[in-house]
1. Would you confirm whether any residue within the stretch 449-456 is open to solvent by less than 50 Å² (accessible area, probe 1.4 Å), free of Cβ contacts under 8 Å to residues at least 60 places away in the same chain, not in a helix (DSSP H, G or I) and not aromatic (Phe, Trp, Tyr)?
2. Need pairs with beta-carbon distance below 6 Å; first residue farther than 17 Å from Val425 by Cα and open to solvent by 30 Å² or more (accessible area, probe 1.4 Å) and within the stretch 249-263, second at pLDDT below 75 and assigned to a helix (DSSP H, G or I); sequence gap 6+ or separate chains.
3. Any residue in the stretch 246-253 that is at pLDDT below 95, of a type in the set (Gly, Ala, Ser), under 30 Å from Leu173 (Cα atoms) and part of a helix (DSSP H, G or I)?
4. Which helices (runs of 4 or more DSSP H) does the stretch 18-116 wholly contain that include 3 or more residues that are open to solvent by 40 Å² or more (accessible area, probe 1.4 Å) and either of a type in the set (A, V, I, L, M, F, W, C) or modelled with pLDDT under 80 (or both)?
5. From the list Gly281, Gly337, which residue is within 17 Å of the chain's Cα centre (by Cα), open to solvent by less than 20 Å² (accessible area, probe 1.4 Å) and more than 17 Å from Thr159 (Cβ to Cβ)?
6. Does the stretch 109-130 contain any residue that is under 24 Å from Ala92 (Cβ atoms) and in contact with a Pro (Cβ under 6 Å, 6 or more places away or on another chain)?
7. Say whether the condition of being surrounded by fewer than 18 Cβ atoms within 10 Å (Cβ to Cβ), among the charged types (D, E, K, R) and closer than 29 Å to Arg327 by Cα is met by at least one residue in the stretch 469-484.
8. When both residues are 6+ apart or on different chains and their Cβ atoms are under 8 Å apart, which pairs have a first residue that lies in the stretch 170-185 and is more than 23 Å from Ala355 (Cβ to Cβ), and a second that is open to solvent by 70 Å² or more (accessible area, probe 1.4 Å) and part of a helix (DSSP H, G or I)?
Amino acid sequence: MTERSIGRSSALLAGGTIASRILGFLKAIVLIQAIGTFASADAFAVGNQLPNTIYVIVAGGALSAVLVPQIVRSARHSDGGTAYINKLVTIALLVLALAAAVATLFAPQLVGLTSSFGPEKAGLATAFAYWCLPQIFFYGVYTILGEVLNARNSFGPFTLAPILNNFVALGGLIVFIAIFGSDPDSLRQVSWWSPSAIAVLAGTATLGIAVQGLVLFAFWRRVGLRYRPDFRWRGVGLAATGRIAGWSFGMILVTTAAGIVETRVVSTASGVDSPSVAALGNAWLVFMLPHSVVAVSIATAYFTRMSESAAAGQFERVRRDIAASIRQITVIMVLAGVVLMVVAYPFGRVMSDTAGGSAGIGDVLLAFLVGLPAFSILFVLQRAFFALGDTRTPFLTTIFQAVIFTIGSLLVLAFVPKDQVGVGVALMLSFAGILQAVLVGILLRRKLGGHARRTLVSFAKDALAALPATAVGIVVFALFGGIDDGSFALSGRFQSIVTMAVVGVVMAAVYAGTLRLLRSSELSDALVPILARLRRSR
């Protein structure tokens, strides 16, 4: 891939992700209108998160780590990799189908493992889980088919399919409200939920994931592929693929164990009008917005080229691509982080109608944002190891992160008041992620060599530019009333959006102007392909 094609691919991924995330936020807002942010919302959050958790354990990390590099290498086969892809996809789909069936069968035990709910709320979470756990299979279909398309440099379908998912799920929520009414203040008791209400809410969520995955089959012929189930698994290098995937599987097990600790600790605060499972999920949705739009878009496009360079033994090109992608990502992540910190409470107000719900989301979001740049850098560094065929090192560093996070979360549970447990856990996640990113960066530099001076100088310029931008942002936010009760910024959803838009534009202008004075080109390097694509679309 050339620099131009990477920029074009990054812009396409970013554009699709922006559309998907906007719909995702709209879906989250409508969900809050339907079931609120406490009690029932926590039960639904646990039931609907389970398929994600189980999918990641079974295949998520392994697929992300293995598929693109191995498919790139398989293109050297005499058939262009067609046989390898069909065999790999057949194995993966069988494993996913089995995992979905077993997980659904053991839904009560999984809910008990991942939450600290009482019997009645655990029963509701289990009812949701029965409808949601089949999502495991469809998450896998989406990842497998999408990563194959990415490896063939077809990035559009992978980023556009979630838009369909959000439309379907959003339609399901509208139907739910039309039939059963809304409950933004979480006044419904757990006993209110009928089988039909559970089926509409959770069933349409699963339907959206199914559409997201299955629609990608329609795009395979565009890259010269046609899937045919193939059970002849000898002779195409699947054993080597399995060994590489094994370390990724271990990494995901460790991550999931830490995730279970997180959910169990946070769910102890459920029902006391403090940030719990649902609030953390909504804050994480906001946190992931800049990461998904920028970091994932840029890193996914570079990942394919890094895999191609590594397969050809061109490690100098791998080093250049790692450094370039990190600089481009970080310059925007720093801006996104400080902007979201300033407008954290207006964002909470957009996500929730209640004062307690919006404040809780804002508090947790601030704690998450501490680790935003490190989170995105870690995403790039891990994929650099995957491109080099090394999944063992990410596994070992994930153990390090999980141990730090688990110890910190247990300390939060023991010493932090219940109404601040969610915030404490989010801070621990940020702290552990920063330490992991530093460790992975040191290990990757030892593996590939090279100098980090330009990247460190770029980091320093980003940090300097963030200072005046933050100061100006705080002043502008204060002019809108700040976080005072009855202020314009927090008086309604529309007012919060207006406040965020004005603060964001002013901070971005100050940040860009300061970077220009500091003679930093990273911001323009990251934005040029996206802006060019927007101009072409007019």
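The values are calculated or read from the model by the stated rules, or taken from the named source; none is laboratory data. All values derive from a computational prediction rather than experimental measurement. Reconstructed Cβ throughout: ideal geometry from the backbone, glycine too, with neighbour counts over all protein chains shown. For the accessible areas, the whole protein counts, side chains as well, though only heavy atoms, and no ligand, DNA or RNA atoms are used. Shrake-Rupley method; radii C 1.70, N 1.55, O 1.52, S 1.80 Å.
1. There is no residue in the stretch 449-456 that is open to solvent by less than 50 Å² (accessible area, probe 1.4 Å), free of Cβ contacts under 8 Å to residues at least 60 places away in the same chain, not in a helix (DSSP H, G or I) and not aromatic (Phe, Trp, Tyr).
2. Within 6 Å, the pairs are Phe249/Ala62.
3. Residues of the stretch 246-253 that are at pLDDT below 95, as a first pass: 246-253.
Adding the requirement that they be of a type in the set (Gly, Ala, Ser) leaves 246, 248, 250.
From what is left, the residues that are under 30 Å from Leu173 (Cα atoms) are none.
No, the stretch 246-253 contains no residue that is at pLDDT below 95, of a type in the set (Gly, Ala, Ser), under 30 Å from Leu173 (Cα atoms) and part of a helix (DSSP H, G or I).
4. Details: elements: 40-55, 61-74, 82-105, 107-114.
Per the criteria, 82-105.
5. Details: Gly281 fails: open to solvent by less than 20 Å² (accessible area, probe 1.4 Å).
After applying the criteria, what remains is Gly337.
6. Within the stretch 109-130, none of the residues are under 24 Å from Ala92 (Cβ atoms) and in contact with a Pro (Cβ under 6 Å, 6 or more places away or on another chain).
7. Within the stretch 469-484, not a single residue is surrounded by fewer than 18 Cβ atoms within 10 Å (Cβ to Cβ), among the charged types (D, E, K, R) and closer than 29 Å to Arg327 by Cα.
8. Leu170/Leu26; Gly172/Leu207
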